[in-house]
(Lines give C-alpha, C1' and ligand atoms only; values in the text may rest on other atoms or scores of the structure.)
Protein backbone atom coordinates (compact mmCIF):
# COMPACT_ATOMS: atom_id res chain seq x y z
CA UNK A 1 0.00 0.00 0.00
CA UNK A 2 1.39 3.40 -0.99
CA UNK A 3 1.92 6.23 1.49
CA UNK A 4 -0.94 8.17 -0.17
CA UNK A 5 -3.28 5.18 0.17
CA UNK A 6 -2.34 4.74 3.82
CA UNK A 7 -2.91 8.45 4.47
CA UNK A 8 -6.30 8.36 2.72
CA UNK A 9 -7.29 5.33 4.79
CA UNK A 10 -6.22 7.16 7.94
CA UNK A 11 -8.36 10.17 6.98
CA UNK A 12 -11.39 7.96 6.41
CA UNK A 13 -10.94 6.26 9.78
CA UNK A 14 -10.53 9.65 11.45
CA UNK A 15 -13.64 10.99 9.76
CA UNK A 16 -15.72 7.97 10.84
CA UNK A 17 -14.45 8.36 14.42
CA UNK A 18 -15.53 11.99 14.61
CA UNK A 19 -18.84 11.15 12.91
CA UNK A 20 -19.67 8.65 15.64
CA UNK A 21 -18.41 11.02 18.33
CA UNK A 22 -20.53 13.86 16.91
CA UNK A 23 -23.65 11.70 16.94
CA UNK A 24 -23.03 10.67 20.56
CA UNK A 25 -22.41 14.25 21.71
CA UNK A 26 -25.48 15.58 19.91
CA UNK A 27 -27.68 12.98 21.59
CA UNK A 28 -26.19 13.73 25.00
CA UNK A 29 -26.88 17.46 24.76
CA UNK A 30 -30.48 16.75 23.85
CA UNK A 31 -30.74 17.80 20.20
CA UNK A 32 -34.26 17.17 18.93
CA UNK A 33 -34.65 14.16 16.65
CA UNK A 34 -37.44 15.99 14.81
CA UNK A 35 -36.57 19.69 14.56
CA UNK A 36 -38.89 20.30 11.59
CA UNK A 37 -42.64 20.59 12.18
CA UNK A 38 -43.74 22.00 8.83
CA UNK A 39 -42.56 21.97 5.19
CA UNK A 40 -39.68 24.27 4.23
CA UNK A 41 -39.23 26.12 0.94
CA UNK A 42 -35.80 25.13 -0.42
CA UNK A 43 -34.37 25.46 -3.90
CA UNK A 44 -37.67 26.48 -5.43
CA UNK A 45 -39.86 23.73 -3.95
CA UNK A 46 -41.51 22.76 -0.68
CA UNK A 47 -39.77 19.94 1.17
CA UNK A 48 -41.86 17.86 3.56
CA UNK A 49 -40.93 18.08 7.25
CA UNK A 50 -40.61 14.31 7.64
CA UNK A 51 -38.10 14.18 4.79
CA UNK A 52 -36.03 16.89 6.48
CA UNK A 53 -36.26 15.14 9.85
CA UNK A 54 -34.97 11.93 8.28
CA UNK A 55 -32.19 13.90 6.60
CA UNK A 56 -31.33 15.56 9.91
CA UNK A 57 -30.93 12.13 11.50
CA UNK A 58 -28.79 10.81 8.64
CA UNK A 59 -26.62 13.94 8.67
CA UNK A 60 -25.97 13.67 12.42
CA UNK A 61 -25.01 10.01 12.09
CA UNK A 62 -22.79 10.13 9.02
CA UNK A 63 -21.85 13.72 8.15
CA UNK A 64 -21.64 15.91 11.24
CA UNK A 65 -18.33 14.46 12.42
CA UNK A 66 -16.54 16.16 9.53
CA UNK A 67 -18.95 18.87 8.36
CA UNK A 68 -20.07 19.83 11.87
CA UNK A 69 -23.57 19.84 13.37
CA UNK A 70 -24.18 23.28 11.84
CA UNK A 71 -22.45 22.45 8.54
CA UNK A 72 -19.58 24.92 9.03
CA UNK A 73 -16.89 22.20 8.87
CA UNK A 74 -15.14 23.73 11.86
CA UNK A 75 -14.36 20.40 13.53
CA UNK A 76 -11.24 18.58 14.66
CA UNK A 77 -11.75 16.11 11.83
CA UNK A 78 -11.94 18.97 9.32
CA UNK A 79 -8.70 20.46 10.60
CA UNK A 80 -7.01 17.07 10.26
CA UNK A 81 -8.27 16.40 6.72
CA UNK A 82 -6.52 17.31 3.47
CA UNK A 83 -8.41 18.74 1.71
CA UNK A 84 -10.81 20.04 4.36
CA UNK A 85 -14.52 19.15 4.20
CA UNK A 86 -16.90 21.60 2.56
CA UNK A 87 -18.44 24.41 4.62
CA UNK A 88 -22.05 23.69 3.71
CA UNK A 89 -23.32 27.01 5.06
CA UNK A 90 -21.72 28.85 2.13
CA UNK A 91 -23.85 27.14 -0.48
CA UNK A 92 -20.85 26.79 -2.82
CA UNK A 93 -20.25 23.39 -4.40
CA UNK A 94 -17.31 22.29 -6.51
CA UNK A 95 -18.01 19.12 -8.49
CA UNK A 96 -21.43 19.75 -9.98
CA UNK A 97 -23.05 20.05 -13.39
CA UNK A 98 -24.18 23.68 -13.09
CA UNK A 99 -21.98 26.75 -13.63
CA UNK A 100 -21.10 28.77 -10.53
CA UNK A 101 -22.66 30.51 -8.70
CA UNK A 102 -25.78 28.47 -9.48
CA UNK A 103 -26.95 25.96 -6.89
CA UNK A 104 -26.49 22.30 -7.83
CA UNK A 105 -29.18 19.89 -8.91
CA UNK A 106 -30.39 17.07 -6.69
CA UNK A 107 -28.64 14.67 -9.06
CA UNK A 108 -25.34 16.43 -8.34
CA UNK A 109 -25.69 16.17 -4.58
CA UNK A 110 -26.91 12.59 -4.81
CA UNK A 111 -23.92 11.61 -6.93
CA UNK A 112 -21.47 13.11 -4.43
CA UNK A 113 -23.12 11.36 -1.48
CA UNK A 114 -23.32 8.04 -3.32
CA UNK A 115 -19.85 8.08 -4.89
CA UNK A 116 -17.86 10.23 -2.48
CA UNK A 117 -14.86 12.32 -3.53
CA UNK A 118 -11.67 10.44 -4.33
CA UNK A 119 -8.52 11.35 -2.44
CA UNK A 120 -10.50 13.01 0.36
CA UNK A 121 -12.13 11.93 3.62
CA UNK A 122 -15.55 12.03 1.87
CA UNK A 123 -16.42 8.33 1.46
CA UNK A 124 -18.99 6.77 -0.85
CA UNK A 125 -22.14 6.15 1.20
CA UNK A 126 -23.28 3.09 -0.70
CA UNK A 127 -25.09 1.62 2.30
CA UNK A 128 -27.75 4.32 2.53
CA UNK A 129 -31.17 3.70 1.04
CA UNK A 130 -32.48 5.91 -1.76
CA UNK A 131 -34.87 7.54 0.71
CA UNK A 132 -32.03 8.29 3.13
CA UNK A 133 -29.86 9.78 0.39
CA UNK A 134 -32.70 11.97 -0.86
CA UNK A 135 -33.48 13.04 2.71
CA UNK A 136 -29.92 14.08 3.54
CA UNK A 137 -29.63 15.88 0.20
CA UNK A 138 -32.71 17.93 1.08
CA UNK A 139 -31.50 18.52 4.66
CA UNK A 140 -28.12 19.84 3.46
CA UNK A 141 -30.04 22.67 1.80
CA UNK A 142 -31.31 23.90 5.18
CA UNK A 143 -27.72 24.67 6.22
CA UNK A 144 -27.32 27.54 3.73
CA UNK A 145 -29.65 30.51 3.31
CA UNK A 146 -28.92 30.48 -0.42
CA UNK A 147 -31.35 27.59 -0.83
CA UNK A 148 -34.18 29.61 0.74
CA UNK A 149 -33.97 32.39 -1.83
CA UNK A 150 -32.66 30.66 -4.98
CA UNK A 151 -33.71 27.78 -7.18
CA UNK A 152 -31.33 25.05 -8.28
CA UNK A 153 -29.43 25.80 -11.46
CA UNK A 154 -29.74 24.10 -14.83
CA UNK A 155 -27.14 21.51 -15.77
CA UNK A 156 -24.87 22.48 -18.66
CA UNK A 157 -25.56 20.65 -21.93
CA UNK A 158 -24.06 17.17 -22.06
CA UNK A 159 -23.44 16.56 -25.74
CA UNK A 160 -22.84 13.01 -26.98
CA UNK A 161 -19.22 12.11 -27.64
CA UNK A 162 -18.62 12.73 -31.38
CA UNK A 163 -15.39 10.69 -31.48
CA UNK A 164 -15.66 6.94 -32.09
CA UNK A 165 -12.80 4.79 -30.72
CA UNK A 166 -10.95 4.82 -34.04
CA UNK A 167 -10.79 8.65 -33.92
CA UNK A 168 -9.57 8.90 -30.33
CA UNK A 169 -6.05 9.88 -31.41
CA UNK A 170 -7.51 12.74 -33.47
CA UNK A 171 -9.44 13.94 -30.42
CA UNK A 172 -6.36 13.78 -28.19
CA UNK A 173 -4.27 15.78 -30.67
CA UNK A 174 -6.96 18.44 -30.92
CA UNK A 175 -7.35 18.48 -27.15
CA UNK A 176 -3.61 19.00 -26.68
CA UNK A 177 -3.75 22.03 -28.98
CA UNK A 178 -6.78 23.45 -27.18
CA UNK A 179 -5.27 22.86 -23.73
CA UNK A 180 -2.04 24.71 -24.49
CA UNK A 181 -3.32 27.18 -27.08
CA UNK A 182 -6.94 28.30 -27.19
CA UNK A 183 -8.08 27.39 -23.66
CA UNK A 184 -4.68 28.14 -22.10
CA UNK A 185 -5.15 25.65 -19.23
CA UNK A 186 -1.48 25.41 -18.33
CA UNK A 187 -0.86 28.64 -16.40
CA UNK A 188 -2.92 26.98 -13.63
CA UNK A 189 -2.54 23.28 -14.40
CA UNK A 190 0.87 21.95 -15.52
CA UNK A 191 1.97 22.22 -19.14
CA UNK A 192 2.69 19.02 -21.05
CA UNK A 193 4.39 20.52 -24.12
CA UNK A 194 7.89 21.96 -24.27
CA UNK A 195 8.45 25.72 -23.83
CA UNK A 196 9.21 26.01 -27.55
CA UNK A 197 5.98 24.23 -28.51
CA UNK A 198 3.97 26.40 -26.14
CA UNK A 199 5.58 29.53 -27.58
CA UNK A 200 4.44 28.49 -31.07
CA UNK A 201 0.85 28.07 -29.87
CA UNK A 202 1.03 31.37 -28.00
CA UNK A 203 2.15 33.07 -31.20
CA UNK A 204 -0.64 31.35 -33.12
CA UNK A 205 -3.51 32.06 -30.73
CA UNK A 206 -2.29 35.10 -28.75
CA UNK A 207 -3.95 36.06 -25.48
CA UNK A 208 -6.94 33.93 -24.56
CA UNK A 209 -10.29 35.60 -25.26
CA UNK A 210 -12.40 32.98 -23.50
CA UNK A 211 -13.39 35.24 -20.63
CA UNK A 212 -15.10 38.57 -21.22
CA UNK A 213 -15.90 39.52 -17.63
CA UNK A 214 -12.61 41.24 -16.88
CA UNK A 215 -10.82 38.05 -15.86
CA UNK A 216 -7.51 37.66 -17.70
CA UNK A 217 -5.65 34.39 -17.92
CA UNK A 218 -2.01 34.82 -16.91
CA UNK A 219 0.53 33.71 -19.49
CA UNK A 220 3.97 32.47 -18.48
CA UNK A 221 5.77 30.80 -21.35
CA UNK A 222 8.18 28.89 -19.11
CA UNK A 223 5.33 27.35 -17.14
CA UNK A 224 5.94 29.24 -13.90
CA UNK A 225 4.00 28.19 -10.84
CA UNK A 226 0.28 27.42 -10.99
CA UNK A 227 -2.21 29.52 -9.11
CA UNK A 228 -3.78 28.05 -5.99
CA UNK A 229 -7.28 27.81 -4.54
CA UNK A 230 -7.39 28.96 -0.90
CA UNK A 231 -9.67 26.95 1.38
CA UNK A 232 -10.47 27.51 5.05
CA UNK A 233 -7.39 25.66 6.28
CA UNK A 234 -4.92 25.56 3.39
CA UNK A 235 -4.29 26.27 -0.28
CA UNK A 236 -5.04 23.65 -2.93
CA UNK A 237 -3.20 23.55 -6.25
CA UNK A 238 -5.02 22.68 -9.48
CA UNK A 239 -4.35 19.02 -10.26
CA UNK A 240 -1.49 17.63 -12.30
CA UNK A 241 -3.32 15.24 -14.60
CA UNK A 242 -0.32 12.91 -14.80
CA UNK A 243 -0.29 12.19 -11.09
CA UNK A 244 -3.03 13.75 -8.97
CA UNK A 245 -6.32 12.22 -7.90
CA UNK A 246 -9.47 13.22 -9.76
CA UNK A 247 -11.80 14.19 -6.92
CA UNK A 248 -15.04 13.67 -8.85
CA UNK A 249 -13.77 10.62 -10.76
CA UNK A 250 -11.87 10.21 -14.01
CA UNK A 251 -14.51 8.66 -16.20
CA UNK A 252 -14.99 10.60 -19.40
CA UNK A 253 -18.38 11.90 -18.25
CA UNK A 254 -16.83 13.19 -15.01
CA UNK A 255 -14.02 15.00 -16.82
CA UNK A 256 -16.45 16.45 -19.37
CA UNK A 257 -18.67 17.79 -16.57
CA UNK A 258 -15.76 19.50 -14.79
CA UNK A 259 -14.52 21.11 -18.01
CA UNK A 260 -17.94 22.23 -19.23
CA UNK A 261 -19.42 23.43 -15.92
CA UNK A 262 -16.19 24.51 -14.23
CA UNK A 263 -15.35 24.05 -10.55
CA UNK A 264 -17.35 26.34 -8.27
CA UNK A 265 -15.41 28.57 -5.90
CA UNK A 266 -12.20 28.33 -7.94
CA UNK A 267 -10.65 29.95 -11.02
CA UNK A 268 -11.83 26.99 -13.11
CA UNK A 269 -14.53 28.84 -15.04
CA UNK A 270 -17.31 27.15 -17.06
CA UNK A 271 -16.61 26.90 -20.79
CA UNK A 272 -19.69 25.01 -22.00
CA UNK A 273 -20.77 28.08 -23.98
CA UNK A 274 -17.33 28.93 -25.34
CA UNK A 275 -16.42 25.68 -27.10
CA UNK A 276 -18.18 23.47 -29.60
CA UNK A 277 -19.24 19.98 -28.55
CA UNK A 278 -16.32 18.57 -30.56
CA UNK A 279 -13.81 20.73 -28.72
CA UNK A 280 -15.30 20.02 -25.29
CA UNK A 281 -14.91 16.33 -25.97
CA UNK A 282 -11.44 16.79 -27.46
CA UNK A 283 -10.32 18.43 -24.20
CA UNK A 284 -12.02 15.63 -22.28
CA UNK A 285 -10.16 12.94 -24.20
CA UNK A 286 -6.83 14.73 -23.82
CA UNK A 287 -7.19 15.04 -20.04
CA UNK A 288 -8.38 11.43 -19.85
CA UNK A 289 -5.35 10.34 -21.90
CA UNK A 290 -3.03 12.11 -19.45
CA UNK A 291 -4.82 10.63 -16.44
CA UNK A 292 -4.37 7.08 -17.70
CA UNK A 293 -0.63 7.63 -18.19
CA UNK A 294 -0.08 8.09 -14.45
CA UNK A 295 2.90 6.17 -13.04
CA UNK A 296 4.15 5.11 -16.47
CA UNK A 297 7.47 5.82 -18.23
CA UNK A 298 5.49 7.84 -20.79
CA UNK A 299 4.27 10.18 -18.04
CA UNK A 300 7.82 10.83 -16.87
CA UNK A 301 8.95 11.45 -20.45
CA UNK A 302 6.19 14.03 -20.94
CA UNK A 303 7.12 15.73 -17.69
CA UNK A 304 10.80 16.00 -18.68
CA UNK A 305 9.87 17.20 -22.16
CA UNK A 306 7.63 19.97 -20.79
CA UNK A 307 10.32 21.30 -18.41
CA UNK A 308 7.42 22.25 -16.16
CA UNK A 309 8.32 23.03 -12.55
CA UNK A 310 5.85 22.62 -9.71
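The values are calculated or read from the model by the stated rules, or taken from the named source; none is laboratory data. Not measured: the values here are computed from a predicted model. Methodologically, a virtual Cβ is constructed for each residue, glycine included, from the backbone with ideal geometry; neighbour enumeration extends over all protein chains shown.
Among 192, 211, 205, which is the only one that is modelled with pLDDT under 90 and either buried (at least 19 other Cβ atoms within 10 Å of the Cβ) or more than 27 Å from residue 253 (Cβ to Cβ) (or both)?
Matching residue, one of 192, 211, 205: 205.
Going residue by residue through segment 99-108, is there one that turns out to be modelled with pLDDT of 95 or more, in contact with a helix residue (DSSP H, G or I) (Cβ under 7 Å, 6 or more places away or on another chain) and outside any loop (DSSP other than H, G, I, E, B)?
For segment 99-108, residues modelled with pLDDT of 95 or more, in contact with a helix residue (DSSP H, G or I) (Cβ under 7 Å, 6 or more places away or on another chain) and outside any loop (DSSP other than H, G, I, E, B): present.
Name the single residue, out of those in segment 96-129 being more than 17 Å from residue 154 (Cβ to Cβ), touching a residue at least 40 places away in the same chain (Cβ under 8 Å) and surrounded by fewer than 21 Cβ atoms within 10 Å (Cβ to Cβ), that is farthest from the chain's Cα centre (by Cα).
128
Restricting attention to segment 226-266, which residues are touching a strand residue (DSSP E or B) at 6+ places or on another chain (Cβ under 7 Å), under 24 Å from residue 97 (Cβ atoms) and either modelled with pLDDT of 90 or more or outside any loop (DSSP other than H, G, I, E, B) (or both)?
229, 236
Answer yes or no as to whether residue 132 is assigned by TED's automatic domain parsing to the domain that holds residue 68, in a helix (DSSP H, G or I) and surrounded by 14 or more Cβ atoms within 10 Å (Cβ to Cβ).
The answer is yes for residue 132.
Output the number of residues of segment 56-88 satisfying the condition of being outside any helix (DSSP H, G or I) and closer than 22 Å to residue 248 by Cβ.
The first filter runs over segment 56-88 and keeps only residues outside any helix (DSSP H, G or I), leaving 63, 68-75, 81-88.
When the remaining residues are screened for being closer than 22 Å to residue 248 by Cβ, the result is 63, 71, 73, 81-88.
Summing the residues that are outside any helix (DSSP H, G or I) and closer than 22 Å to residue 248 by Cβ in segment 56-88 gives 11.
Which of the numbered conditions does residue 151 fail, given that it passes all the others? Conditions: (1) touching a residue at least 40 places away in the same chain (Cβ under 8 Å); (2) within 27 Å of residue 40 (Cβ to Cβ); (3) touching a helix residue (DSSP H, G or I) at 6+ places or on another chain (Cβ under 9 Å).
(3)
Take the conditions over 25 Å from residue 256 (Cα atoms), surrounded by fewer than 18 Cβ atoms within 10 Å (Cβ to Cβ), touching a helix residue (DSSP H, G or I) at 6+ places or on another chain (Cβ under 8 Å) and in the same structural domain as residue 127 (by TED's automatic domain parsing) and apply them to residue 45. Does it pass?
Working: over 25 Å from residue 256 (Cα atoms): yes; surrounded by fewer than 18 Cβ atoms within 10 Å (Cβ to Cβ): yes; touching a helix residue (DSSP H, G or I) at 6+ places or on another chain (Cβ under 8 Å): no; in the same structural domain as residue 127 (by TED's automatic domain parsing): yes.
No: the conditions fail for residue 45.
So residue 185 ticks every box in (1) out of contact with any helix residue (DSSP H, G or I) (no Cβ under 8 Å at 6 or more places or on another chain); (2) within 22 Å of residue 99 (Cβ to Cβ); (3) modelled with pLDDT of 50 or more but one. Which box is left unticked?
Exception for residue 185: condition (1).
If I ask for residues that are crowded, with 21+ Cβ neighbours inside 10 Å and not assigned by TED's automatic domain parsing to the domain that holds residue 271, which ones from segment 154-182 would you list?
Matches in segment 154-182: 156 only.
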